[in-house]
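Below is one structure, written out as structure tokens, with a few remarks after it.
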Amino acid sequence: MEFMFPPVPPVFLPIAGKTSVFPVHRVYCVGRNYVEHAQEMGATGREPPFFFMKPADAVCYAGPSAGLRWPYPSLSKNVHHEIELVVAIGTGGKDIAATDAQRHILGYAVGLDMTRRDLQNDMKKQGRPWCIGKGFEGAAPIAAITPVDAAGAIENAHIALTVNQQQRQSGAISQLIWTIAETIAQLSSAWELQAGDLIFTGTPAGVGAVSPGDILHGTIDGLEDVVLHVV
């Protein structure tokens, strides 16, 4: 077989403490999965979860050693940060029970769901898909994946984001409306999960705009920090 042109190289993330890397398959995202963020986005209560996706090549490594120089995306004048716990799937499956979900998880990472909010809102008003707001190049900066056995009690971890050393977002993983296990169960009823899938689990309240020159620093207890320099 001869390719007409060279195929795009695989997207991958480092795994803390390992020489092997994590090849990215699909990127799933859970919308409005913290009560206060759901409220600030106009929703209330424990509504049924909904999902959207980002392309695999939206993923970019943004570890803390030097941080990632992140170009402000085109077309938008209102780009928002959303700090999230990311679940890395190591074993795939279909119709996974919540009680079995843990064995499918390879590890966890800190991620940023970067959003062209003005473009997303425009599409919402028109009743159209808002991929343009969520699926652009660099829309999913992520730190290294920490294996489950090294991550500690992730369900009790604190999650936070500062912009220019000023706190913007703060919460706890225990505040997720839909738990990690419930999310995996819901997702796997609609898609067959594969090793290499990433799941952004939702963001706490406090999302806001970023500008060129800003430095974003996201943390979750027990995981590698994510650092972004907006340029």
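Brief remarks on what is shown
- Residues being assigned to a loop (DSSP other than H, G, I, E, B), touching a His at 6+ places or on another chain (Cβ under 8 Å) and within 19 Å of ALA58 (Cβ to Cβ) - total across region 196-231: 6
- Matching residues, region 10-33, being touching a residue at least 60 places away in the same chain (Cβ under 8 Å), in contact with a strand residue (DSSP E or B) (Cβ under 9 Å, 6 or more places away or on another chain) and in a loop (DSSP other than H, G, I, E, B): ALA16, GLY17, LYS18, VAL24, HIS25, ARG26, GLY31, ASN33
- Of everything in region 131-143 that is crowded, with 19+ Cβ neighbours inside 10 Å, outside any helix (DSSP H, G or I) and not small (Gly, Ala, Ser), the residue that is farthest from the chain's Cα centre (by Cα) is PHE136.
- Residue pairs meeting the criteria (Cβ under 6 Å; at least 6 apart or on separate chains; first over 13 Å from PRO10 (Cα atoms), in region 50-70; second at pLDDT below 95 and assigned to a loop (DSSP other than H, G, I, E, B)): PHE50/GLY31
- Residue list for region 102-130, restricted to those being touching a residue at least 60 places away in the same chain (Cβ under 8 Å) and in a helix (DSSP H, G or I): GLN102, HIS104, ARG117
- Restricting THR91, THR99, THR146 to those that are part of a strand (DSSP E or B) and β-branched (Val, Ile, Thr) reduces the list to THR146.
- Annotation: TRP178 fulfils all but one of (1) within 21 Å of ARG103 (Cβ to Cβ); (2) at pLDDT 95 or above; the unmet one is (2).
- Some residue of region 106-128 being under 30 Å from THR19 (Cα atoms), surrounded by fewer than 19 Cβ atoms within 10 Å (Cβ to Cβ) and charged (D, E, K, R): no
Residues checked against (1) hydroxyl-bearing (Ser, Thr, Tyr); (2) within 19 Å of the chain's Cα centre (by Cα):
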| residue | (1), (2) |
| --- | --- |
| TYR28 | yes, yes |
| PHE50 | no, yes |
| PRO71 | no, yes |
| GLY93 | no, no |
| VAL110 | no, yes |
| ARG116 | no, yes |
| LYS125 | no, no |
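- Of the candidates ILE177, ILE159, ILE96, the single residue that is over 27 Å from ALA209 (Cβ atoms) and touching a helix residue (DSSP H, G or I) at 6+ places or on another chain (Cβ under 7 Å) is ILE96.
- Count of residues meeting criterion [farther than 22 Å from HIS80 by Cα, in contact with a Gly (Cβ under 8 Å, 6 or more places away or on another chain) and without any contact (Cβ under 8 Å) to a residue 60 or more places away in the chain] in region 154-199: 0
- Residue count for region 75-100, restricted to those that are in contact (Cβ under 8 Å) with a residue 40 or more places away in the chain and either exposed (fewer than 14 other Cβ atoms within 10 Å of the Cβ) or charged (D, E, K, R) (or both): 9
- Residue match in region 146-158 (condition: in contact with an Asp or Glu (Cβ under 8 Å, 6 or more places away or on another chain) and within 12 Å of VAL59 (Cβ to Cβ)): no
The values are calculated or read from the model by the stated rules, or taken from the named source; none is laboratory data. Note that the structure is a prediction, hence the values are computed from the model and not measured. Here Cβ is always computed from backbone atoms with ideal geometry, including for glycine, and neighbour counts include all displayed protein chains.
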